[in-house]
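Derivation of every value follows stated rules applied to the coordinates shown; laboratory data play no part. Every value quoted in this text rests on a predicted model; they were computed, and no experiment measured them. Backbone-built Cβ (ideal geometry, glycine too); neighbour counts: all protein chains shown.
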Amino acid sequence: MALPFTREQFFGVFSQYNDSFWPVAALFWVAAVISLVAAATGRLTLGRRLSVLLALLWSWNAVGYHALLFTRINPAAWVFAALFAVEALLFAWAAARRVGYFTSSAPMRAVGIGLACYALAYPFLNFALGHAYPASPTFGVPCPTVILTIGLLLTASGTVPAILMIVPALWGYVGGSAAILLGVKADYVLLAAGVLMSAVVLVRLARPRLLRDARPDHSAASKTRKY
C-alpha cells in the first residue's frame with residue numbers, strides 16, 4: 001500500500017505535536033489515570049466523567065492532531081478529523097446517558113481494563129521499542145486514544161450503544177496499519193483491539209434479529225387454535 005507521506009514525515013508530525021502540545025498530552029494522561037483509578041475503586045460507577053474525558057480526547061484528536069498537524073502530510077486527515085469530531089459528539093451524548101463502565105462480564109471487563117492500562121503505558125512502550133522522543137507517539141494522539149476507548153467500551157459492552165463502537169473499530173484497522181507499514185510495533189495491539197471491537201459490534205447488531213427469530217410466533221399459534 002502506497003502512503004501519501006514518508007516515514008520521516010509521519011514521525012515528524014509526532015515531533016511537532018510533542019514540541020507544541022506536550023503539556024496537553026501530560027494533562028490528558030494524568031486525567032486518564034485519575035479517572036480510571038476512581039472508576040476501579042467504585043467512585044465513578046455511573047461513568048459520566050469517563051464519557052466526558054473520552055469526548056474531550058476525541059475532540060482534541062480531531063482538532064489538535066488531525067486538523068492542525070496531520071493534514072499537512074495527508075489530505076485524508078480531514079476525513080479523519082470529521083470522524084473523530086463525530087465520535088466526540090457521541091461521547092458527549094453518552095455522558096448524558098450515564099453509560100455504566102466496568103459493568104460487563106468478568107472476562108470482557110478484564111480485557112477492557114488490560115487495554116486501558118496498555119493505552120496509558122503506550123508512550124513508554126514506544127520509547128522502549130526504539131522511538132526516540134520527541135519523534136514518538138505519546139498520549140493524546142489517535143492510536144492510544146482509540147486503544148483506551150475500546151478498552152473502556154469493552155468494560156461497558158452490555159450497556160453501551162453500538163453506535164459508539166463503530167469509529168473506534170474502524171480506526172483499529174486504519175491506525176493499526178501503522179504497525180505494519182510504518183514500524184510502530186505498539187500498534188499491533190490496536191489492530192487486535194479493532195478486530196475485537198468489530199466482533200462486538202457485529203454481535204450487538206445481530207442480537208435483535210436472533211431474538212426475533214427465536215421468539216415464538218403467537219399469531220400462528222392462535223390461528224391453529226381457531227381451527
Where does each of TRP58, TRP22 land when they are ranked from fewest to most other beta-carbon atoms within 10 angstrom? TRP22, TRP58
Residue by residue through the range 53-68, what is 3J(HN,Hα) from phi via Karplus (6.51 cos²θ - 1.76 cosθ + 1.60, θ = phi - 60°)? Round to whole Hz and write x for glycine and proline. 4, 5, 4, 5, 4, 5, 5, 4, 4, 4, 8, x, 9, 5, 5, 7
At 0.36 nm per residue, minus the direct Cα-Cα distance, what do TYR188 and ARG48 gain on full extension? Give it in nm, one decimal, please. 47.4 nm
With only Lys, Arg, Asp and Glu charged, each at its Cβ (+1 for the first two, -1 for the last two), find how big the charge dipole of the chain is about the Cα centre; round to the nearest 20 debye. 1240 debye
Subtract the Cα-Cα distance of VAL37 and CYS117 from 0.36 nm times their separation in residues, and report this length gain in nm to one decimal. 27.7 nm
Among GLY158, GLY12, VAL86, which residue has its Cα positioned farthest towards the positive end of the charge dipole of the chain, with +1 placed on the Cβ of Lys and Arg, -1 on the Cβ of Asp and Glu, and the dipole taken about the Cα centre? GLY158
Please compute the length gained on full extension between PHE124 and VAL86, using 0.36 nm multiplied by the number of residues separating them and subtracting their Cα-Cα distance. 10.8 nm
Pairs of alpha-carbon atoms within less than 8 angstrom and 6+ residues apart define the contacts here; what relative contact order does the chain have, in percent? 20 percent
With each run of n ≥ 4 DSSP H residues scored as -39500 (n - 2.57), what mean residue ellipticity at 222 nm is computed for the chain after dividing by its residue count and rounding to the nearest 500 deg cm²/dmol? -24500 deg cm²/dmol
Inter-label distance, nm, simple model (7 Å from Cα along the C-beta direction), TYR173/ARG98: 3.7 nm
Where in the range 99-122 does the label zone of ALA206 land, with the point 7 angstrom along Cα→C-beta and an amide N cut-off under 20 Å? 105, 108
For the range 7-160, go through all pairs of different Cα atoms, get the mean of 1/r, take its inverse, and jot down that Kirkwood value in Å. 15.8 Å
From the phi angles alone, apply the Karplus equation (6.51, -1.76, 1.60; θ = phi - 60°) to the range 15-25 and give each ³J(HN,Hα) in whole Hz, x where the residue is Gly or Pro. 4, 5, 4, 5, 5, 8, 10, 4, x, 5, 4
Three principal axis extents, largest first, for the C-alpha atoms of the range 34-80, in Å? 43, 14, 11
Measure off 7 Å from each Cα along the Cα-to-Cβ vector at ALA199 and LEU181, then give the distance between these two points in nanometres to one decimal. 2.5 nm
Karplus ³J(HN,Hα) for the range 141-148 (6.51 cos²θ - 1.76 cosθ + 1.60, θ = phi - 60°; Hz, whole; x = Gly/Pro) runs 9, x, 5, x, 4, 6, 4, 4
